[in-house]
Amino acid sequence: MSAVIETKGMSKFYGKHRGVIDLDLSVGRGETYGFLGPNGAGKTTTIRCLLSMLKMTHGEARVLGEAVTLDGAALRQRIGYIPGEVFMYEKETGRWMLDYISGFRGGKGASETELIERLEFDPSRKIRELSKGNKQKLALIIGLMHDPELLILDEPTSGLDPLNQDVVFDIIEERVKEGATLFLSSHILSEVERVCERVGIIREGRLVADENMHELLARRLRELTVKFADGVDASTLGGMPSVEDVVSIDANTLTATVTGEAVDGLIKHLAAHSLTDVTLQHASLEDVFMEFYRDDAHKDSADSKGGDAS
Amino acid sequence: MSWNLFKGTMHQRRKPLFWFSFSLVAYSWMMVWFWPQMGGAEYAELAESMPPEMIALFGDAELSLASLGGYFQTEYLGLMWMVIVAAALIGYAAKMIAGEVNGGTMELLLSQPLSRSKFILTRMAGLVLQVLLLSAATFVPIQILGPGYDIELTAKVFWLLFGLGSLLMLAIGSFAFMVSALSRDGGRPTTLTSAVIAGMWIASFLADVSDFADALDPFNLLSYWEPGKVINNGALATNAWWVYAGVSVVCLVIAYIGFMRRDVA
C-alpha cells in the first residue's frame, strides 16, 4: 500500500514554542486515519505543515507521493481541505465563494449541486448572514465538491446539528467507499470511531499512539462485571495481573477494569467459580483516549514528586 | 499570475477603488475649476505675503505659488493628493496579504491549487493596476477639463506627471506591500507606512525651512516629488525616476522573498 501521507521527523516550532515534534506518520491509500488530541496538541499544526501553509522546522513530508514544498500548488488540486475554523469573505455570497474557489480548480465541482441539496445550503445568502453551522456547510461543500483523492478534515462537523453531522458522515463514508483517503482530525471521538480504521493520538506535539482502531480497542481497557452465584469479596479478583479497580457492587457482584492481554487468564480463573452472569464490555475510543492522557498525567505527577523529593 | 485571483481581488476592492478614484476625479476637477479665480494677481499677492514656513508646509518654498505649477503643488498634489493615494494603496496592501493571514482567508486560498508565487505576483499586479487607475483619475481630468479653464498642459507634461505620479504611488504601495507580506497583523502595514510617509513629509517641510535638514533629502522619497516644477518647466530631475523605480523594485523583491518563506496561517 503506497503512502498518501508520509512524514519523517516532522517538527514545527513557533519560535521557542512547540508545535509538533518528530512526527512520523504514514497513511496509506484508501485508509481512514483519525488524528486525535486535545486542543493545542498539534493537530492543526500538522495539517498546516502537510498543506505547506507552515514551514517545517525540521523533517520532511510527502503527500500523494510528492514532497511538500511551500510553493506546491499542483498537489492541492488533489486534496480537499476543511479547516477547523471557517473564515470566508463576509461581504460575498455563498454562490460567489463557490464560483471563486471553482475558478482555482478549473471549473465547477462535479458534486457541487448534489452537496448543496443534501446539506440544504442556500448559496444566495451573504456569508455574514450565515450561522456558524451554515458557514461550516459551505466549507464542507468547498472541500468536497471536486471529489478529491485525499480528504483532510479538521473538525468537519463543528457547529452542525446532529442531523447534519449524520449527513456529513454519510457523505464522507461514501467518498471513502469510492476510494478517497481520509485524514480526520478531531476531538469528537465518536466521529473518529465511526469512520476511521486507524487512529493516531497526539499529545503535546508528539505522536503517542498510532494503531489500528480495532486492535487498539481490543488491547486496551475492558469493563468487567461478574455476578457470582455465591457471595464474594473483592479479593476474588484481587492480585490477578492486568485486573484493576476491583469494586464490590453488592454481595454477589464485582466490577473491574481489565487491561492488556489478561482475558484468557481471567476467564480460566472465573471458571473455577459458579457464575450467574458475566459482561465484558470493550472500551470506547474515548476511554482509550482518556487512558493515554491519564497515564501521562500520572507519569507527570510521579516525575514531579520525584523531583520534589530530590 | 492567476486570472481568477486577479478578478476576485479587483471584485473585492471595487468599492474602495471606485470611491478613491471618484474623489480624485472630483478633486482634480475642482482644482481645475478654481484655477481661473486663484491664478490672478490677487492670489499672487496673497501667496507672496505668506511666510516661507507656511509655503513650505504645502510644498516647495522655491516655487511661485501664483504659477500653475505652484498652485497645483501647493493646493493639491503636494499634500491632499498624497493623503488620498496613500490611503488607497496602504489599504490595499494591508488587506491583501497581512489582512488575509490575520482574517484566516489566506488558509482557504492557499489550500486551493494556487501557488504562493502566483498569489503574490497577482496581488502585485493588482497594486500596479490600482496605481495606474489612481494616476489616471488624477491627471486625465486635468488634461481633459483643463483647456476649458485656461489650463493647457502639453502631452509631455501630462505623461511626465502621469509617469512620475505612478512611480511615487508604486513606491509607497510597494513599501506597504512589503510590510504586509512580512507581518501577520493587518494594522502594522497601515501604521508603519503612514508613519514613514508622515516622517518624510515632516523631513521635506524641515528641509524647506532649514538648511540643516537638507541632508535628509536624498533619503526622502517625497523630496523627489516636484509636480509644480514639472508643470512649470516641463522637466524633472532624472534621478527621481530611478529612486522611485529602485525603491519599488527592492520593496517588491523583499515582499516576494519574505512571503515565499513565511508561515501563512
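A short reminder: the numbers here are calculations on the coordinates, not readings from a lab. All figures in this text were calculated on a predicted structure; none of them were measured in a lab. Quick reminder, even Gly has a Cβ in these numbers, built from the backbone with ideal geometry, and neighbours come from all protein chains shown.
The calculated Kirkwood hydrodynamic radius for the stretch A:3-212 is 17.4 Å, given to one decimal from all distinct C-alpha pairs.
Ordering B:SER248, B:GLY163, B:PHE212 by the projection of their Cα atoms onto the charge dipole of the protein assembly as shown, which places +1 on the Cβ of Lys and Arg and -1 on the Cβ of Asp and Glu, puts B:GLY163 at the extreme positive end.
In this simple spin-label approximation, B:ALA198 and A:HIS214 carry label points 7 Å from Cα along the Cα→Cβ vector, and these lie 6.9 nm apart. Net charge dipole, the stretch B:117-208: roughly 500 debye, given to the nearest 20, about the Cα centre with Cβ charges of +1 for Lys and Arg and -1 for Asp and Glu. Charges on Cβ only, +1 for Lys and Arg, -1 for Asp and Glu, centred on the Cα centroid of the stretch A:137-259; of A:LEU217, A:ASN164, A:GLY179, which one is farthest towards the dipole's positive end? Of the candidates, A:LEU217 comes out farthest on the positive side. Karplus-based coupling profile of the stretch A:85-90, in residue order and whole Hz: 10, 8, 10, 9, 7, 4, with θ = phi - 60° in 6.51 cos²θ - 1.76 cosθ + 1.60 and x standing for Gly or Pro. Within the same chain, aspartates and glutamates fewer than 8 places from A:LYS16 are excluded, and of the rest, those with a Cα less than 16 Å from its Cα are A:GLU204, B:ASP263.
Over every Cα atom in the stretch A:212-255, the radius of gyration and the widest Cα-Cα span, Dmax, amount to 12.7, 40 Å. Charged side chains reduced to their Cβ positions (Lys and Arg at +1, Asp and Glu at -1) give the protein assembly as shown a dipole of some 1320 debye around its Cα centre. Placing unit charges on the Cβ atoms of the charged side chains and taking the dipole of the stretch A:3-212 about its Cα centre, the candidate lying farthest along the positive direction among A:LEU98, A:GLY19, A:VAL4 is A:GLY19.
In terms of the Cα gyration tensor, with a ≥ b ≥ c the square roots of its eigenvalues, is the stretch B:151-208 rounded because a/c is under 1.5, prolate because a/b exceeds b/c, or oblate? It is oblate, given that a/c is not under 1.5 and a/b is not larger than b/c.
Given Cα pairs under 8 Å that are at least 6 residues apart, what percent is the relative contact order of the stretch A:222-282? Walk me through the numbers on the way to the answer.
Numbers: 103 pairs, mean separation 29.6, N = 61.
Across the stretch A:222-282, relative contact order equals 49 percent.
A Förster radius of 30 Å combined with the Cβ-Cβ distance from A:LYS91 to A:ASP161 puts the calculated FRET efficiency at roughly 0.70. Cross-link reach is defined here as a Cα-Cα straight distance under 23 Å, omitting same-chain residues fewer than 8 places apart; for B:LYS156 the lysines meeting it are B:LYS229. Sorted on the mean count of surrounding Cβ atoms within 10 Å across their residues, most packed first, peptides B:64-76, B:115-127 read B:64-76, B:115-127. So which of A:LYS12/B:LYS95; A:LYS91/A:LYS137; A:LYS8/A:LYS135; A:LYS43/A:LYS135; B:LYS15/B:LYS95 end up more than 25 Å apart by C-alpha? Cα-Cα > 25 Å for A:LYS12/B:LYS95; A:LYS8/A:LYS135; rest within. Put a dot 7 Å past the Cα of A:TYR14, heading toward its Cβ, do the same for A:ASP230, and the two dots end up 6.4 nm apart. Does the stretch B:184-235 classify as rounded, prolate or oblate by the C-alpha gyration tensor (a ≥ b ≥ c root eigenvalues; a/c under 1.5 gives rounded; else a/b over b/c gives prolate, otherwise oblate)? Oblate. Considering the zone a paramagnetic label at A:HIS187 would reach in this model (a point 7 Å from Cα along the Cα-to-Cβ line), which residues of the stretch A:138-160 have amide N under 15 Å from it? Label zone hits: A:154-159.
Rounded to two decimals, what ratio of Rg to Rh does the protein assembly as shown give with C-alpha atoms and a Kirkwood Rh? Before the final figure, lay out each step's value.
On the way: Rg = 33.6 Å, Rh = 28.5 Å.
Rounded to two decimals, Rg over Rh is 1.18.
For the stretch A:222-282, the extents of the C-alpha atoms along the principal axes are 28, 21, 20 Å, listed from largest to smallest.
Straight-distance candidates among the aspartates and glutamates for linking to A:LYS227, with alpha-carbon spacing under 20 Å and chain neighbours fewer than 8 residues away dropped: A:GLU244, A:ASP245, A:ASP250, A:ASP264, A:ASP277.
What size of dipole, in debye to the nearest 20, comes out for the stretch A:3-212 about its Cα centre when the only charges are +1 on Lys and Arg C-beta atoms and -1 on Asp and Glu C-beta atoms? Present the calculation step by step, with values, prior to reporting the outcome.
Details: 28 positive and 33 negative charges, 173 e Å.
Charge dipole of the stretch A:3-212: 840 debye, to the nearest 20.
Shape descriptor for chain B: Rg over Rh equals 1.01 (Cα atoms; Rh from the Kirkwood inverse mean 1/r).
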